[in-house]
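The values are calculated or read from the model by the stated rules, or taken from the named source; none is laboratory data. Here the structure is a predicted model, which means the values were calculated and not measured. Here the Cβ is made from the backbone with ideal geometry for all residues, glycine too, and neighbour counts use every protein chain on show.
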């Protein structure tokens, strides 16, 4: 049954993915589909498709969210061997320190005024708590004080959170540069940086083009929350790789949604091919406002350079980049057949 449901729902994670969804529902007894998606690390539409197939088979019902029917309970107990609902705490996402509560409120006030998302650019705003958590995480890993930091795309205002945290901690940042293609954000960041006295340089740049030459090989750290696509990940990390000082131990911080096992192999493989060691991956680190494609969350991947990084993309990039680009390309391919 699990294999059949996976095939009908086109679930790349296969029968094991269906089992994880059923176990999550079993453990919770009643649970919203969005919470199921977050628990198993799949997009909400994918979980909804599996739910639909299980409802057809009388396994799940929507009463009180998602729950097992009597038949479903019998199936998970007798065929899947599940019986225990006890939960234990997992290593989780680091909370915002209490001493930074006021700073988080200050950043939230700024974030409320940022431009609306442009879905054509795969923008999706991270919550204020998430963005400040990123800044704290960078600080904890010696990626801020005296460091040259490149932020590749900044609709979340991560650079602003870094600047505010630096002020709060009374630390001196190195050079902080933002490359951003959205003119609205370039203007907004410029206004905020001037008003708050933040030492951040914002440059209008479409990352389909190479980074400015004076940034190549000059940065200690890069941060990016790239487009949802694998091509977006490869391109943005390539630009970050080009910017790093060519020696061992430089860092990259990448916020990227969980993918199917096959896509994860390709994603992590591309990072390794560029000369990065993924030394830490924290699921659910980033929470987003209404990001259905991501299931509302994405992981934080911390990278360490193993020597001179080798970007997979150099020069101008002409391929599909954003989710909308890939959809148009697939539609064009179908139309040509």
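Suppose the filter is under 20 Å from residue 44 (Cα atoms) and either assigned to a loop (DSSP other than H, G, I, E, B) or modelled with pLDDT of 95 or more (or both); does residue 295 pass it?
When the stated conditions are applied, residue 295 passes them.
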Seminar exercise, completed: Selection over the range 80-101 where residues are exposed (fewer than 11 other Cβ atoms within 10 Å of the Cβ), closer than 24 Å to residue 15 by Cβ and at pLDDT 90 or above yields a count of 4
Exercise. Among the residues of the range 196-207, is there at least one that is more than 21 Å from the chain's Cα centre (by Cα), assigned to a helix (DSSP H, G or I) and over 24 Å from residue 300 (Cβ atoms)?
Worked result: yes
Seminar exercise, completed: Out of (1) in a helix (DSSP H, G or I); (2) more than 30 Å from residue 132 (Cβ to Cβ); (3) out of contact with any strand residue (DSSP E or B) (no Cβ under 8 Å at 6 or more places or on another chain); (4) free of Cβ contacts under 8 Å to residues at least 40 places away in the same chain, the one residue 63 does not meet is (1)
Exercise. Taking the range 105-117, which residues are surrounded by 14 or more Cβ atoms within 10 Å (Cβ to Cβ), over 19 Å from the mean Cα position of the chain (by Cα) and assigned to a loop (DSSP other than H, G, I, E, B)?
Worked result: 114, 115
Exercise. Which condition number does residue 102 fail, the rest of (1) within 30 Å of residue 133 (Cβ to Cβ); (2) part of a loop (DSSP other than H, G, I, E, B) being met?
Worked result: (2)
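For residues that are assigned to a helix (DSSP H, G or I) and crowded, with 17+ Cβ neighbours inside 10 Å, scanning just the range 10-19, find the one that is nearest to the chain's Cα centre (by Cα).
First, the residues of the range 10-19 that are assigned to a helix (DSSP H, G or I): 14-19.
So of that shortlist, the ones also crowded, with 17+ Cβ neighbours inside 10 Å come out as 17-19.
Values: 17: 20, 18: 23, 19: 25 Å.
For the range 10-19, the residue satisfying everything is 17.
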Exercise. Has the range 254-277 got at least one residue that is over 30 Å from residue 42 (Cα atoms) and surrounded by fewer than 23 Cβ atoms within 10 Å (Cβ to Cβ)?
Worked result: no
Problem set entry | Enumeration of residues in the range 156-179 that are part of a loop (DSSP other than H, G, I, E, B), touching a strand residue (DSSP E or B) at 6+ places or on another chain (Cβ under 9 Å) and either on the phi > 0 side of the Ramachandran plot or crowded, with 24+ Cβ neighbours inside 10 Å (or both) | 156, 157
For this session: State the number of residues belonging to the range 192-222 that are touching a strand residue (DSSP E or B) at 6+ places or on another chain (Cβ under 8 Å) and within 13 Å of residue 242 (Cα to Cα).
Result: 9
Exercise. Quick check, is residue 120 part of a helix (DSSP H, G or I), farther than 20 Å from residue 193 by Cα and in contact (Cβ under 8 Å) with a residue 60 or more places away in the chain?
Worked result: yes
Seminar exercise, completed: Of 4, 53, the only residue that is surrounded by 16 or more Cβ atoms within 10 Å (Cβ to Cβ) and part of a helix (DSSP H, G or I) is 53
Exercise. Which of the residues spanning the range 135-155 are in contact with a helix residue (DSSP H, G or I) (Cβ under 8 Å, 6 or more places away or on another chain) and surrounded by fewer than 19 Cβ atoms within 10 Å (Cβ to Cβ)?
Worked result: 139, 145
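Table: residues versus (1) farther than 13 Å from residue 38 by Cα; (2) part of a strand (DSSP E or B); (3) at pLDDT 95 or above.
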{"residue": "265", "(1), (2), (3)": "yes, no, yes"}
{"residue": "269", "(1), (2), (3)": "yes, no, yes"}
{"residue": "283", "(1), (2), (3)": "no, yes, no"}
{"residue": "304", "(1), (2), (3)": "yes, yes, yes"}
{"residue": "308", "(1), (2), (3)": "yes, no, no"}
{"residue": "318", "(1), (2), (3)": "yes, no, no"}
Exercise. For the range 208-228, which residues satisfy the criterion of being assigned to a loop (DSSP other than H, G, I, E, B), farther than 16 Å from residue 155 by Cβ and either within 23 Å of the chain's Cα centre (by Cα) or in contact (Cβ under 8 Å) with a residue 40 or more places away in the chain (or both)?
Worked result: 208, 209, 210, 211, 218, 220
Problem set entry | Selection within the range 153-195 - touching a residue at least 24 places away in the same chain (Cβ under 8 Å) and over 24 Å from the mean Cα position of the chain (by Cα) | 167, 168, 169, 171, 172, 173, 174, 175, 192, 193
